[in-house]
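Student: Before we start, here is the structure in question, set down as structure tokens.
The values are calculated or read from the model by the stated rules, or taken from the named source; none is laboratory data. Every value quoted in this text rests on a predicted model; they were computed, and no experiment measured them. Every residue, glycine among them, receives a Cβ derived from its backbone with ideal geometry; neighbour counts consider all protein chains shown. Heavy atoms of the whole protein, side chains included, go into the accessibility calculation; ligands, DNA and RNA do not. Shrake-Rupley method; radii C 1.70, N 1.55, O 1.52, S 1.80 Å.
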Amino acid sequence: MRCWLKIEEMALEELMQRLNAVSQCTDEIMHQDIIPLYAADIQDQLKKQFAYLSGGRGGDGCPVITFPDYPAFSEIPEKEFQNVLTYLTSIPSLRDAGIGFILVIDRRQDKWTSVKASILRIAASFPGNLQLVLVLRPTGFLHRALSDIAFKFNKDEFKMKVPIIMLGSVSELQGYIDKTQLTEDLGGTLDYCHNRWLSHRTAIEGFAQKVKQTAQILQSIGTELAETELPNDVQSTSSLLATHTEKKDKMKEDIRLAVEQGDDILGSITKPVTENPEYKLNQDQLDNQTTVERLLAQLHETETAFDEFWIKHQQKLEQCLRLRKFEQNFREVKAALDIVSERLSAFTDVGNSCSHVEHILKDLANFEEKSCETIAKARMLASESDAFIQSNHYAVDSIIPKCSELHNLCDAFTTETERRRNLLNKSLELHGLLEKSLKWCDEGIYLLASQPVDKCQSQDGAESALQEIEKFLDTGAGNKIKELNKIYREYAHILNEDLKEHVQKVFQKQESMEEMFQKRQVSLKKLAAKQTRPVQPVAPRPEAFVKSPCTSPGLQREYVSNSESSALRRVNYRRGKSEMTELHQSRGGSTMDDEENLAVLRQHVINELIETERAYVEELLCVLEGYAAEMDNPLMAHLISPELQNKKDILFGNMEEIYHFHNRIFLRELENYVEYPELVGRCFLDQMEDFQIYEKYCQNKPRSESLWRQFSDSVFFQECQRKLDHKLSLDSYLLKPVQRITKYQLLLKEMLKYSKNCEGAEDLQEALTSILGILKAVNDSMHQIAITGYDGNLNELGKLLMQGSFSVWTDHKKGHSKVKDLARFKPMQRHLFLHEKAVLFCKKREENGEGYEKAPSYSYKHSLNMAAVGITENVKGDAKKFEIWYNAREEVYIIQAPTPEVKATWVNEIRKVLTSQLQACREASQHRTLEQTQSLPLPASSCTSPSRNHIRNTKKMEERKADLASLEGYGTTIAPKCPEKGKGWAKTSHSLDASEENDGWSSAEDPLNSSDAEEEGGGGGGEMKLTPGKYTVVTDYEKGVSEEFTVKSGDLVQLIREGEDGLWYVKNLSTGREGWIPANNLLMLIGNSKSAQSLSSSESGTVSSTLSTSSSCSDSCNASSTSFSDIKG
């Protein structure tokens, strides 16, 4: 930098010197250094032509100044006269002027007095050297004679140091000056034009001034350019360079114009010669030509000096600009290198399995590939800085440290990357040893577990088993860890606490397995040495045991590329373990340690559970980072079609929520049970609520798959798959959560099979049940979202309990008789959805398409309010049928399940719903009944005494309380209040038209004539006996003992107790009024209506097969939509 400043100063100094020389030389050429007078300044005075420099020369080259006849010579102001003489004497060269001037004074037309005055004035004012004065005296005789005489007598008055010669004619003049040097007015041939001469002089002097001004301007500009402070940023430096270049170009243009001006003047001077080659320029013209040529030379020198300065100045500015660009690029590259280094420093994980390390190595390779561009830029910038240094850049002092830093950062990155790679390769090597050891241990444990117990009881069998063990132990040389301390020393630089603990566990497992082998060897050697009492063998299983067990999950992870082979190995492994377990269970008297083998198998299951969980979490993260995050990446936006944008939530659903649950919570909790596999059921139970998130994912899956099918060939997905190096496309990974949630129940079943006598068996069973419940809920919800045509909100119907397809017959008391008859013969195929508050009847419609698009939809037909539903569990003639009836059997639906087991499940679930509803109302109803029975009014009777009635009433009340207590013991139900109108669902039951019925008909079994309830009702022919309970009124009654007590058809009444004279105390539950009604009238009012509190005996005689509920408890419900059954004491 200092060197450059010195060079810059030297260049400016040189420019100043050269331009100063030009200015001085210009002044010398124009004699401005002696007499600073210009023709332009005295142009008017020169135009008077009282004196002129014709260009003629005397014999020795003396310049000739002519004073022509000028009548007003005496009137010329002294100042003007002095200026003209001074200017004329300054034009000839110094050499010519030094010889002296010849003055030719033409006074031929003047008087002697004027001649004398002119000579005296010239003599007094002439500023130059004089060599000769020639005077052409007046031509008149008198004046000539007078002049001769006067000149002789007054000669001394002229005070001239040179001779003054009086001439009488031009011929005499030509004796002193050659004719060619005299103008035409003096009888000569010299070509002289005063205006032309004046024009040339003005132009030459203007040009000289231009040359001098140009040099001065260039001095100023040079100083300004040299002293300008260089900017610190690229943009300002570029602007400065452009500004200075613009100034330079303007000056170059001015110089070009000045050169053109000089050339024009030179051309004007030499024009006569150009036009007439024989024409000879006079001396003054030659001097003018020389002057202009010298001025042009000075102008060229000025331009050359400035060009040389500009080259250096421009080089400095360009170097400054390159430096600023270099500094800017350096900052950007340095920031990028810092980011790359920071990311590289994050590769501290040495992995926890071979697959994990391979994944990290792959990430490192991808990172290195992505970082190549940054490193290449850094190295290119370093090369550029080297070029700066080689080219002697003025700022080399500041470039060298940056260049060194770039080289160091690139080398450090390369070295650190290689070091990380070596560490990971070492880690891969170590995990390979550990997994080989684990695999060897697993194979050994499997060998011990799979040796038949009965065969080992014989001497030959024991020897064969012993040979198998010895043969297996021989394979340990290349598989097991031999020296733990050697492992610690060799891999010390990668052993963190976790990995060191893992090495210790693997070594402990290896030692434990070898100890198990030693114990087995000891036992087998004893059996081989001494024949024991034979044991009755059990017939062997026909299939052979698997010779080679599947690779233990250990620390391996499942990847898509080997999923099929892994699945096959696991199936074979489980089958082998299952056979081995069954074999052990069939030999209670075995001398082997069964519990030890079960512990090994439990460890197998927990290992598989944890490692597949880790692989699952990694796969979710891979999808979220490799696909979902890339949809928000601006660099990938051009690959995403507009229709796919902003649809990430549809494509991936709540996968991110699932990932965070498993990664932050469930996986960590699972790892706490690795030493206690039999207790893992608690882990599932603690997190069971969180598994509900899978229901949302599965419900979104049809939309996700539909979107995927539209854009599966998108360039965006192909590019993401290429970056991830996945062999399978995204849809395979979107299926992972569905596969995973179904995997848990298989692992729990397997763990439960090996933990039946362990502490956590109950938790395992509960966890398995809960997981299966979640799977069922997910499956049910998938069907529920396919319901179409339902006007209400399905969520208001309560939890979905069951769903399934059935054959349905209808038997309605109301409606067209033909529809009724056909309905009993022709079943409809209906898909039923059982909710807590309603059961929905839908028609299943298969859809065309692929995948989830092929899933069926369900067209809503009608629904039944569970508050008004009853069931008949058994239908005569078919163990797969049951009845759902509605509104006191006004609508009866005969349901045929696919199997008796499905029927039993549905009946039990419906019973639970009805029981829970009735139980909620029963306590409130019983409470109100007890309060009412304590204050019942008694009717007045003429034949019964008050005391007698009181005793009877008291007795009846005690019996009533006993009846209520007995009802609780039998689990009786009371109809709950129905929900308010318009809340919870759309209109419930409605008739089906014939066209709708026919589209679902198909040939079916023989029609059903009656249900169990109908057969029981028709079997009795005796008189009906009234008992306390609730009944439905079938006809109006307005003749009660009390005029205010009336009942209407459809009212729900409660028979509270029997009084005297055949009267019953009755409460109208629909109006809240109470009163006495004769028993005969009651029999007519209630007909064959049955109590809502009864449970009819079933075939087994323990539980009623008929449950009914009533919705008439609410004042807002219609009385015509209620149903009851008898109370049977």
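Student: Filter region 305-325 down to the residues that are open to solvent by 30 Å² or more (accessible area, probe 1.4 Å) and touching a residue at least 60 places away in the same chain (Cβ under 8 Å), then identify the one that is nearest to Cys62 (Cα to Cα).
Tutor: Among those residues, the one meeting the criterion is Glu308.
Student: Name the residues in region 397-422 that are hydrophobic (A, V, I, L, M, F, W, C) and surrounded by fewer than 19 Cβ atoms within 10 Å (Cβ to Cβ), would you?
Tutor: Residues satisfying the conditions are Ile400, Ala412.
Student: Then there's this: Of the residues Gln829, Gln739, which single one is over 26 Å from Phe661 (Cα atoms), at pLDDT 90 or above and surrounded by fewer than 17 Cβ atoms within 10 Å (Cβ to Cβ)?
Tutor: Criteria check complete, one pass: Gln829.
Student: For region 491-503, give me each residue that is open to solvent by 70 Å² or more (accessible area, probe 1.4 Å) and either free of Cβ contacts under 8 Å to residues at least 40 places away in the same chain or in contact with a Lys or Arg (Cβ under 6 Å, 6 or more places away or on another chain) (or both).
Tutor: Across region 491-503, the qualifying residues are Glu497, Lys500, Glu501.
Student: Right, something else. With a cut-off of at least 3 residues that are hydrophobic (A, V, I, L, M, F, W, C) and in contact with a Ser or Thr (Cβ under 7 Å, 6 or more places away or on another chain), name the helices (runs of 4 or more DSSP H) lying wholly within region 669-787.
Tutor: Answer list for region 669-787: 761-784.
Student: Limited to region 756-784, what total is found for residues that are over 16 Å from Gln687 (Cβ atoms), at pLDDT 90 or above and open to solvent by less than 30 Å² (accessible area, probe 1.4 Å)?
Tutor: Number of matching residues: 1.
Student: Please work out which residue is least open to solvent (accessible area, probe 1.4 Å), limiting yourself to region 107-127 and to residues that are more than 14 Å from Ser74 (Cα to Cα) and in contact (Cβ under 8 Å) with a residue 40 or more places away in the chain.
Tutor: If we take residues in region 107-127 being more than 14 Å from Ser74 (Cα to Cα) and in contact (Cβ under 8 Å) with a residue 40 or more places away in the chain, then Phe126 is least open to solvent (accessible area, probe 1.4 Å).
Student: Now for a different question. Residues in region 53-89 that are open to solvent by 20 Å² or more (accessible area, probe 1.4 Å), assigned to a helix (DSSP H, G or I) and of a type in the set (Phe, Trp, Tyr): how many?
Tutor: 0
Student: Filter region 855-886 down to the residues that are surrounded by fewer than 18 Cβ atoms within 10 Å (Cβ to Cβ) and of a type in the set (Asp, Glu) and list them by number.
Tutor: Listed by number, the list holds a single entry, Asp878.
Student: Which one is least open to solvent (accessible area, probe 1.4 Å) among residues in region 655-685 that are charged (D, E, K, R) and over 34 Å from the mean Cα position of the chain (by Cα)?
Tutor: Only one residue tops the list, namely Glu678.
Student: Next question. Got a sec? Which of Gly168, Gly188 is modelled with pLDDT of 85 or more, among the small types (Gly, Ala, Ser), surrounded by 15 or more Cβ atoms within 10 Å (Cβ to Cβ) and in contact with a Lys or Arg (Cβ under 9 Å, 6 or more places away or on another chain)?
Tutor: So the residue among Gly168, Gly188 that is modelled with pLDDT of 85 or more, among the small types (Gly, Ala, Ser), surrounded by 15 or more Cβ atoms within 10 Å (Cβ to Cβ) and in contact with a Lys or Arg (Cβ under 9 Å, 6 or more places away or on another chain) is Gly188.
Student: Next question. Any residue that is in contact with a Pro (Cβ under 9 Å, 6 or more places away or on another chain) and farther than 18 Å from Asn425 by Cα - is there at least one of those in region 468-486?
Tutor: Within region 468-486, none of the residues are in contact with a Pro (Cβ under 9 Å, 6 or more places away or on another chain) and farther than 18 Å from Asn425 by Cα.
One line per residue, one yes/no per condition, for (1) in a loop (DSSP other than H, G, I, E, B); (2) modelled with pLDDT under 85; (3) over 30 Å from Arg421 (Cα atoms):
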residue: Lys500; (1), (2), (3): no, no, no
residue: Gln508; (1), (2), (3): no, no, no
residue: Glu511; (1), (2), (3): no, no, yes
residue: Lys526; (1), (2), (3): no, yes, yes
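Student: State all residues of region 221-231 that are open to solvent by less than 70 Å² (accessible area, probe 1.4 Å) and either more than 17 Å from Lys252 (Cα to Cα) or not β-branched (Val, Ile, Thr) (or both); if no residue qualifies, say none.
Tutor: Passing the criteria: Gly222, Leu225, Ala226, Thr228, Leu230, Pro231.
Student: Which residues, taken from region 862-905, are charged (D, E, K, R) and at pLDDT 90 or above?
Tutor: Listed by number, the residues that qualify are Lys880, Lys881, Glu883, Glu901, Lys903.
Student: Pairs under 7 Å by beta carbon, first residue in a helix (DSSP H, G or I) in region 326-345, partner open to solvent by 70 Å² or more (accessible area, probe 1.4 Å), six or more apart or different chains?
Tutor: Val333/Lys377
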